[in-house]
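The values are calculated or read from the model by the stated rules, or taken from the named source; none is laboratory data. Keep in mind the model is a prediction, meaning the values are calculated, not measured. Every residue, glycine as well, gets a Cβ built from its backbone with ideal geometry; the counts of neighbours run over all protein chains shown.
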Amino acid sequence: MKSCPTCSRVYSDDTLNFCFEDRTPLVGYYQTESLTSVAEPVEAFVEIGTEQTRVNNFAKGQRLTTKLYLPPPRQTLVERDWLLEQLNEGLKGKLTLISAPAGFGKTSLVTMWRKQSDIPLAWFSLDAEDNDPNLFADYLFGALQTVDERLGQRSANLLQASRVPPLKVFLTSLINEISEYESEFVLALDDYHVVHERSIHEAISFFIERLPPHAHALITTRSDPPFPLSRLRARSELKELRASDLRF
């Protein structure tokens, strides 16, 4: 067995090296590894009967907060009124999709729009590590917290369970909370093209299609996500901006 010298929590799994609560190194047996960089996620497994539950070191308080804030505007940004009007028009639907190759100013456009809009923006800049559904859910919750600390509090309890439920279950709970919240806001997922995990695609597609009228999703990506975009178009719930629109 191992114990945490800070909180005195005891662990029966001898393969664990760090406390789940505060990442303090455990003592009691020889530790084969040490944490050398916060940039590399360290994963552990906890036996629950015959099942295994993965615990990621990016728990609450360990998020990279820079992923949750829109980059500052560049000094050289050129105002593009028509594109800003299109983004405002997109708020009438469920999803605004900005899809174009690298270098077309997708994030810069959102930064420009943010300067002239009073609508709260929850920003989540994705990277390859976010293909972990549990990590994705935690950052999504963190992004919503930048809009209002009340958003997603009940749903977040699911992420603290000994066995975390599927992402779709978490998002179903989150939709119910957002429906009760009533205030307008935008959830932006930046660089969505890095996501290749099918369960995340399916859950986010489910989530977007069921957003209440006061909530809106915005996605920037280099390639179209595998969502039912034709269905959203048919319902006039999709605003698309592509390379041809962003090109000067």
| Selection from the range 204-228 of residues that are small (Gly, Ala, Ser) and not in a loop (DSSP other than H, G, I, E, B) | SER205, ALA215, ALA217
| What number goes with the only condition from (1) in contact with a Leu (Cβ under 7 Å, 6 or more places away or on another chain); (2) of a type outside the set (Lys, Arg); (3) over 19 Å from PHE185 (Cα atoms) that GLY103 does not pass? | (1)
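Among the residues of the range 139-147, are any at pLDDT 95 or above, among the aromatic types (Phe, Trp, Tyr) and over 23 Å from ARG74 (Cα atoms)?
At the first step, the residues of the range 139-147 found to be at pLDDT 95 or above are 139-147.
Those left that are additionally among the aromatic types (Phe, Trp, Tyr): 139, 141.
Right, trim to over 23 Å from ARG74 (Cα atoms) and you get 139, 141.
Checked against the condition, which is being at pLDDT 95 or above, among the aromatic types (Phe, Trp, Tyr) and over 23 Å from ARG74 (Cα atoms), the range 139-147 yields at least one hit.
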| task | Please list, ordered by first then second residue, the pairs with beta carbon atoms under 7 Å, 6 or more apart or interchain, first in the range 80-95 and touching a residue at least 12 places away in the same chain (Cβ under 8 Å) and assigned to a helix (DSSP H, G or I), second crowded, with 16+ Cβ neighbours inside 10 Å and hydrophobic (A, V, I, L, M, F, W, C). | result | LEU83/LEU109; LEU83/LEU241; LEU84/MET112; LEU84/TRP113; GLN86/LEU241; LEU87/TRP113
| So which residues in the range 187-206 are under 23 Å from THR66 (Cβ atoms) and either touching a Ser or Thr at 6+ places or on another chain (Cβ under 8 Å) or acidic (Asp, Glu) (or both)? | ALA188, LEU189, ASP190, ASP191, TYR192, HIS193, GLU197
| request: Please tell me if ALA203 is hydrophobic (A, V, I, L, M, F, W, C) and closer than 30 Å to GLY105 by Cα. | output: yes
| field | All positions within the range 173-215 that are among the polar types (S, T, N, Q), within 20 Å of LEU126 (Cα to Cα) and exposed (fewer than 15 other Cβ atoms within 10 Å of the Cβ) | value | SER199
| field | Residue that is surrounded by the most Cβ atoms within 10 Å (Cβ to Cβ) [pool: residues in the range 129-172 that are closer than 21 Å to PRO212 by Cα and among the charged types (D, E, K, R)] | value | LYS168
| note | Residues of the range 110-138 being free of Cβ contacts under 8 Å to residues at least 40 places away in the same chain and part of a helix (DSSP H, G or I), in sequence order, are MET112, TRP113, ALA137
| query | Which one of the conditions (1) over 21 Å from the mean Cα position of the chain (by Cα); (2) not in a helix (DSSP H, G or I) does ALA102 fail to meet, given that it meets all the rest? | reply | (1)
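Residues are listed down the side, and each one gets a yes or a no for (1) touching a residue at least 24 places away in the same chain (Cβ under 8 Å); (2) outside any loop (DSSP other than H, G, I, E, B); (3) under 15 Å from the mean Cα position of the chain (by Cα):
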{"site": "ARG163", "(1), (2), (3)": "yes, no, no"}
{"site": "PHE170", "(1), (2), (3)": "yes, yes, yes"}
{"site": "SER173", "(1), (2), (3)": "no, yes, no"}
{"site": "LEU189", "(1), (2), (3)": "yes, yes, yes"}
{"site": "GLU202", "(1), (2), (3)": "yes, yes, yes"}
{"site": "SER230", "(1), (2), (3)": "no, yes, no"}
